[in-house]
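Let me begin by presenting the structure, written as structure tokens, before commenting on it.
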Amino acid sequence: MDTTEQQQLMEKFLAGKMALSEIKRFRELLHRQEGAEQWEALIAEKLKENPENNFAEEAIEQWYRELQTRMAASPVAEIGSGTAKVRRLRNWGWAAAAMVVLAGAVWLFSQQQGKDTPQVATTPAEIQPGKEGAVLTLADGSKVVLDSLGNGVISTQNGTRVVLKDGLVAYEPQQKEGAVAYNSIATPKGRQFSILLPDGSRAWLNAESCLRYPTAFSGNERRVQVSGEVYFEVAHNADMPFRVSIGAGTEVEVLGTSFNVNAYTNEKAIYTTLLEGKVKMKAVGKGELLLRPGQQARLPVSNANSIALETEVDTDKVMAWKNGLFNFDGAGIEEVMRQLERWYDIEVVYEKGIPDIIFGGKLRKDVSLSGVLKSLEESEVHFRMEGRRLIVLP
């Protein structure tokens, strides 16, 4: 088998971009491998046992061991010496795993008779978690996708060099400041990223978030604009207060601190949570609040006359997203589903109303969607997948 073609087809499949004709081609190439007939027989059995097609990596490994046992008693296994025979089986391991996955994909196509779809049907097991990545918009409007960009200089703007090093965007002044230039960094669904701002402050962006900032701070303040969710660790500079504009006349004023801003448009309120230091949240016509560590300011999106203060906040839950976790303690199903929509880049719909369920517990964010759903189903919530649409059943 052409290893270049093999690699290209496998990458397409893992990215969810393999057409039906390419699946057929991959299967043709796999059939040229020793033991393909045994694999087909084994897969047929397993599909009958598991009609929902929920193949886990551990299951594939178990199937491969079962295949080795079968081949040891088959005529195919008589080719070559014992040592060479085992080596050939091991070298074929990638094809075995690919055959399992592709068989499942073809099975899904067979269930969609009469439907035209150019790509592999998506199941929860195939929807992988988010990862590091963002889109950087430079002062001239050009965009740089950071997902696969290597270390090095991205651009030079008004005397400031923009560099990417070890997954972190940073700004390095090279000459005397020129005219103020603005950049923005945005994370789509299924991505998060971090940036070192020109003053040495660091910001972490959750999925579906955006941060706008100057390439060099000047004047008597350091001002940035935020949408979505961003965690800041601000470099101390008493002469230049750090201010975060959230929109609708709302801002957070900082002197030197660590805090989290949650300002998603589909949440019920704007939240500012202080971890260390001191911040002040202000809203035009609704007053201001000075926060102490462990406190949270909450400004409801609608019908709010003033900013509310929460004096005892579970900061571990607030910061779970940055620490690679889902923390669902005390969360209703809508809150949970909004987090899954952002991290797995899916759409959630409710078939017959929104179940009145409160969840608990923590989950790692590096698991596939199926792993998360399996845990949620323990609370008697059931789901159905249609492409990238997750349908919550009554």
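The values are calculated or read from the model by the stated rules, or taken from the named source; none is laboratory data. Quantities reported herein were computed from a predicted structural model and do not represent experimental measurements. Cβ sites come from the backbone with ideal geometry, for glycine too, and all protein chains shown count toward neighbours. Note: accessible area is taken over every heavy atom of the protein model, side chains too, but ligands, DNA and RNA are not part of it. Shrake-Rupley method; radii C 1.70, N 1.55, O 1.52, S 1.80 Å.
Given the conditions (1) over 27 Å from the mean Cα position of the chain (by Cα); (2) buried (at least 16 other Cβ atoms within 10 Å of the Cβ), report the number of the one that SER258 does not fulfil.
(1)
For the range 233-254, which residues satisfy the criterion of being without any contact (Cβ under 8 Å) to a residue 24 or more places away in the chain and either more than 30 Å from MET337 (Cβ to Cβ) or crowded, with 21+ Cβ neighbours inside 10 Å (or both)?
Residues satisfying the conditions are HIS236, ALA238, ASP239, PRO241, ARG243, VAL244.
Sort out which residues of the range 341-370 are open to solvent by 30 Å² or more (accessible area, probe 1.4 Å), under 19 Å from the mean Cα position of the chain (by Cα), closer than 16 Å to ASN327 by Cβ and not β-branched (Val, Ile, Thr), and write them in order of number.
LYS362, LEU363, ARG364, ASP366
Quick check on my filter: what residues within the range 183-225 are of a type in the set (D, E, K, R) and either touching a helix residue (DSSP H, G or I) at 6+ places or on another chain (Cβ under 9 Å) or part of a strand (DSSP E or B) (or both)?
LYS189, ARG191, ARG202, GLU208, ARG212, ARG222, ARG223
Would you mention how many residues in the range 317-359 are out of contact with any Phe, Trp or Tyr (no Cβ under 6 Å at 6 or more places or on another chain) and in a loop (DSSP other than H, G, I, E, B)?
14
I need the full set of residues from the range 353-371 which are touching a Ser or Thr at 6+ places or on another chain (Cβ under 8 Å) and of a type outside the set (S, T, N, Q), in order please.
Once the filter is applied, which keeps residues that are touching a Ser or Thr at 6+ places or on another chain (Cβ under 8 Å) and of a type outside the set (S, T, N, Q), the range 353-371 yields ILE357, PHE359, GLY361, LEU363.
Can you name every residue in the range 323-334 that is within 18 Å of GLN296 (Cβ to Cβ) and open to solvent by 60 Å² or more (accessible area, probe 1.4 Å)?
Correct list: ASN323, ASP329.
Inspect all residues belonging to the range 303-325 and state whether any of them is more than 23 Å from the chain's Cα centre (by Cα) and in contact (Cβ under 8 Å) with a residue 40 or more places away in the chain.
yes
Against the conditions (1) open to solvent by 40 Å² or more (accessible area, probe 1.4 Å); (2) touching a residue at least 24 places away in the same chain (Cβ under 8 Å); (3) not hydroxyl-bearing (Ser, Thr, Tyr), where does ASP140 fall short? Just the number, please.
(2)
Restricting the search to the range 371-394, which residues are assigned to a loop (DSSP other than H, G, I, E, B) and open to solvent by 80 Å² or more (accessible area, probe 1.4 Å)?
GLU380, ARG388, PRO394
Closer than 24 Å to LYS268 by Cβ and under 22 Å from the mean Cα position of the chain (by Cα): does that describe VAL381? Reasoning before the result, please.
Working: closer than 24 Å to LYS268 by Cβ: yes; under 22 Å from the mean Cα position of the chain (by Cα): no.
No: the conditions fail for VAL381.
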